[in-house]
Amino acid sequence: METVSALGTGKVYAIIMAVSYNIVPKYACLYLWCGIVFANYTMNQLKSLYGEPRPYWVSDQIEANHCGTGFGNPSGHMLNNCFFWVTAYLHFFNGRRSNQQDERSLSRSPLFKFIILISMGAFLALMALSRVYLGAHTLNEVLHGTLIGSTMAIIGH
């Protein structure tokens with residue numbers, strides 16, 4: 001669970017952002033970078049607004065693997081991961097088609113889209129469970145982060 005949780009950290013996102021600069025068109029990369037910055041800004045504002053304590057602040061029985069000093073609601077891991085992965089999915093699979101050859105490619109296959117969607121959902125579900133399992137967040141905080149991140153990605157698309 002610690003490995004899954006570690007995949008949502010800032011270091012991993014720095015690598016993803018550097019790689020995305022070379023893979024996706026520059027306008028999409030700029031949108032993704034600005035979107036992540038806006039998602040983080042929104043997350044920090046909401047954490048200040050809600051002021052909900054982390055689970056290990058409330059109960060001595062819960063031991064967290066990493067002690068955060070900020071409030072817990074919404075989960076930053078889930079907000080950022082949902083925003084990034086939903087945005088990436090929508091960009092690659094629901095964007096405009098440029099030509100007929102692109103329509104016949106594997107990436108436009110409904111089965112391929114379905115497999116990617118299930119894989120993305122499984123990863124995000126594991127990320128959510130890892131955050132609760134490790135004592136960093138409650139289920140409520142994880143659900144808030146998931147809903148806010150996904151909503152921001154869908155509206156932005």
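Side notes on the structure shown:
- Excluding same-chain neighbours fewer than eight residues apart, the lysines reachable from Lys47 by a Cα-Cα span under 25 Å are Lys11.
- Taken one residue at a time, the phi angles of the stretch 115-122 give Karplus couplings (6.51, -1.76, 1.60, θ = phi - 60°) of 5, 5, 4, 5, 4, 5, x, 5 Hz. Gly and Pro are set to x.
- Order of exposure, largest accessible area first, which applies to Glu2, Glu52, Glu141 with probe 1.4 Å: Glu2, Glu52, Glu141
- Gained length - Asn140 relative to Leu90, 0.36 nm times residue gap less alpha-carbon distance: 15.4 nm
- Residues Phe123, Phe92 ordered from highest to lowest accessible area at a 1.4 Å probe: Phe92, Phe123.
- For Val24 and Val12, the difference between the fully extended length at 0.36 nm per residue and the C-alpha to C-alpha distance is 2.6 nm.
The values are calculated or read from the model by the stated rules, or taken from the named source; none is laboratory data. Here the structure is a predicted model, which means the values were calculated and not measured. Each accessible area value is taken on the protein alone, full model and side chains, heavy atoms only, with ligands, DNA and RNA left out. Shrake-Rupley method; radii C 1.70, N 1.55, O 1.52, S 1.80 Å.
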